[in-house]
Amino acid sequence: MTLFSPESDELSRASASAAEPWLSLVGLGEDGRAGLSPDALAALEGAELVYGGARHIALIGPVAGEAAPWPQPFRNALPLILSQRGRKVCVLATGDPFHYGIGAGLAKALGPDEMRIYPQFSSFALACNRLRWPQEECGRVSLHGRALERIIPFLQPGRRVLALSWDGSTPGKLAELMSARGFGASRLVVMEALGGPRERIRECKAQAFDLGTVDPLNLIALDLIAEREARILPLASGLDDDWFEHDGQITKADIRAITLSALRPRAGELLWDVGAGSGSVGLEWCLRNPGNQTIAFEARAERAARITRNGSALGALRIEVAIGTAPASFAGRPVPDAVFIGGGITEPGVFEAAWGALKSGGRLVANVVTLEGEARLAALYAAHGGTLRRIGVSHLDAVGSMHGWRAAMPVTQWRMAKP
């Protein structure tokens, strides 16, 4: 017996879309009911079921229908909402539901005509209006439920950044991180309970943070000033090697820049970094775009731990470390958009497994420095085509009281796009 088919699902969506929307998604400000439009208020009062966080339900007060807080764990919320299809349901969100809110998840699960949306200002929009900052000129990041180190790539001199906090401790922790990285002179504005009767805005220098107790519902605005020795993350690829903790197993900066260029990162793509060592290539891949991800395959546990530490230090957090020997460690991993083999190309089955996993149109780049590695790349080039090149780099070095060029080991690089 067939329980599900794409055709039956499309029919159910079509019939649901033809009817009046059964779900209303209402954005709430800290002013609760007072800030709702007449249409949003009618959707709230006409609902049989109202779902939201405990704070949301407290803000709206009594309703005609049944009000229920989100289930725990929160991942059960979407199935619960969908199980009420056919009833009048209102879902409460904070501000703009499509700005780090539940809107995106609902939109993926519902037909376009099943849901009516009543947004309000996002906290970022409110903050920019309070500060008179053009929103399009500000960096925006959420630290709510996310690692504090996500802020690191945003720490650029002269920039303005808005950061959603996790809780009341976030501003102090962020001030400490900024001071440690040479941004202690920056202006730090803590904006609590924006848009409501409890709204409060206070500011200080990051290095002199002394605001005491902060409301858990807060946003942080940064006007960034870098000190002379500030740790500023460059925007170009090919970071100096001292940005990475390593044991010598690292793709050096010059070669890394060329390798990233050969891999051609695009927004939202996944890289497999095979024989990752320090993780330098995979981490820089992540830094090219906030949506980029890397799976770093590394056989040695101590190197895998370094990759994780390097990711935290750089704010390149969308990297997963797979500890184990390739190609066995490839099993069950998501399909990559690109593969970099920095170590292990001579091991049996590594190329074949990586090439088999790579999606059509994906890119593969392999670097070697040994004769055995070159022989392997020559054979692969003969079988598959692509491009081979040898990269030589020399650096100035002291020769007694004078100077001369000292050549690094040449790197042979093979590039190939999968048909």
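The values are calculated or read from the model by the stated rules, or taken from the named source; none is laboratory data. Remember, it's a predicted structure, so these values are computed and weren't measured experimentally. Because the Cβ atoms are built from the backbone with ideal geometry, glycine has one as well, and the counts that use them run over all protein chains shown. Accessible surface areas use protein heavy atoms only, side chains included; no ligands, DNA or RNA. Shrake-Rupley method; radii C 1.70, N 1.55, O 1.52, S 1.80 Å.
Remark: the chain carries 49 Å² of accessible area per residue (probe radius 1.4 Å; ligands, DNA and RNA excluded).
For region 110-223, the alpha carbon positions stretch 50, 31, 27 Å along the principal axes, listed from largest to smallest.
Rounded to the nearest 10 degrees, the angle from helix 301-314 to the longest Cα principal axis of the chain is 60 degrees.
Residues whose amide H falls under 5 Å from that of Val321, counting only those 5 or more places apart or on a different chain, are Ala296, with hydrogens built in the peptide plane. Of all DSSP beta bridges confined to the chain, the antiparallel ones make up roughly 45%.
Over the chain, the pair-distance histogram of Cα-Cα distances with 10 Å bins from zero comes to 4, 18, 21, 21, 20, 11, 4, 1, 0 percent, rounded to whole numbers.
Report the per residue volume, in Å³, of the convex hull enclosing the C-alpha atoms of region 319-404. List each step's numbers first, then the result.
Working: hull volume 13.7 nm³, N = 86.
Enclosed volume per residue, from the Cα hull, is 159 Å³.
Out of every Cα pair in region 45-115, what percent are spaced more than 18 Å from each other? Above the 18 Å cut-off, region 45-115 has 36 percent of its Cα pairs. What the phi angles of region 329-337 give under the Karplus curve with 6.51, -1.76 and 1.60, with θ = phi - 60°, is a coupling list of 6, 6, 4, x, 7, x, 5, x, 8 Hz, glycine and proline written as x.
Size check on region 149-294: the Cα extents along the three principal axes, sorted descending, read 54, 32, 25 Å.
For Arg181, no residue 5 or more places off, or on another chain, has a built amide H under 5 Å of its own. Residues in region 58-65 carry Karplus couplings, in order, of 5, 5, 8, x, x, 10, 5, x Hz; the curve used is 6.51 cos²θ - 1.76 cosθ + 1.60 with θ = phi - 60°, and Gly or Pro positions show x. In order along region 170-177, phi translates into HN-Hα couplings of 4, x, x, 5, 5, 4, 5, 4 Hz, rounded to whole numbers, per the Karplus curve 6.51 cos²θ - 1.76 cosθ + 1.60 with θ = phi - 60° and x for Gly and Pro. The lysines whose alpha-carbon is closer than 27 Å to the alpha-carbon of Lys252, local same-chain residues fewer than 8 away aside, are Lys418. Comparing Glu245, Glu227, Glu352 in a Gaussian network model of the chain where C-alpha atoms under 10 Å apart are linked, the largest mean-square fluctuation is found at Glu352. Candidates Ile307, Ala206, Ala125 compared by Cα position along the dipole of the chain: farthest toward the positive end lies Ile307, with charges placed on Cβ.
Nearest 0.05, what FRET efficiency do Ser83 and Met409 give at R0 = 51 Å with Cβ-Cβ as r?
Details: r = 62 Å, r/R0 = 1.21.
Computed FRET efficiency for Ser83 and Met409 comes out at 0.25.
Binning all Cα-Cα separations of region 282-323 at 10 Å, short to long from zero, yields these whole-percent fractions: 35, 54, 11.
Which percent of the accessible heavy-atom area of the chain goes to carbon and sulfur, probe 1.4 angstrom? Could the numbers behind the result be given before it?
Numbers: 11140 of 20340 Å².
Whole-percent figure for carbon plus sulfur exposure: 55.
Here, P(r) means the percent of Cα pairs in each 10 Å bin from 0 to the largest distance; for region 250-315 it is 23, 57, 20, 0.
So what's Rg/Rh here for region 47-187, counting alpha carbon atoms and using the Kirkwood radius for Rh? Could you put the intermediate results ahead of the total?
Values: Rg = 18.3 Å, Rh = 17.5 Å.
On the Cα set of region 47-187, Rg over Rh gives 1.04.
Highest mobility in the GNM of the chain, judged by mean-square fluctuation with C-alpha springs under 10 Å and restricted to Gly65, Gly46, Gly400, is found for Gly400.
Net charge near Arg198: determine it from the other residues with C-beta under 11 Å of the C-beta of Arg198, scoring Lys and Arg +1 and Asp and Glu -1. Net local charge, Arg198 excluded: -4. When the chain is treated as a Gaussian network with alpha carbon springs shorter than 10 Å, the biggest mean-square fluctuation among Ser360, Ser401, Ser186 belongs to Ser401.
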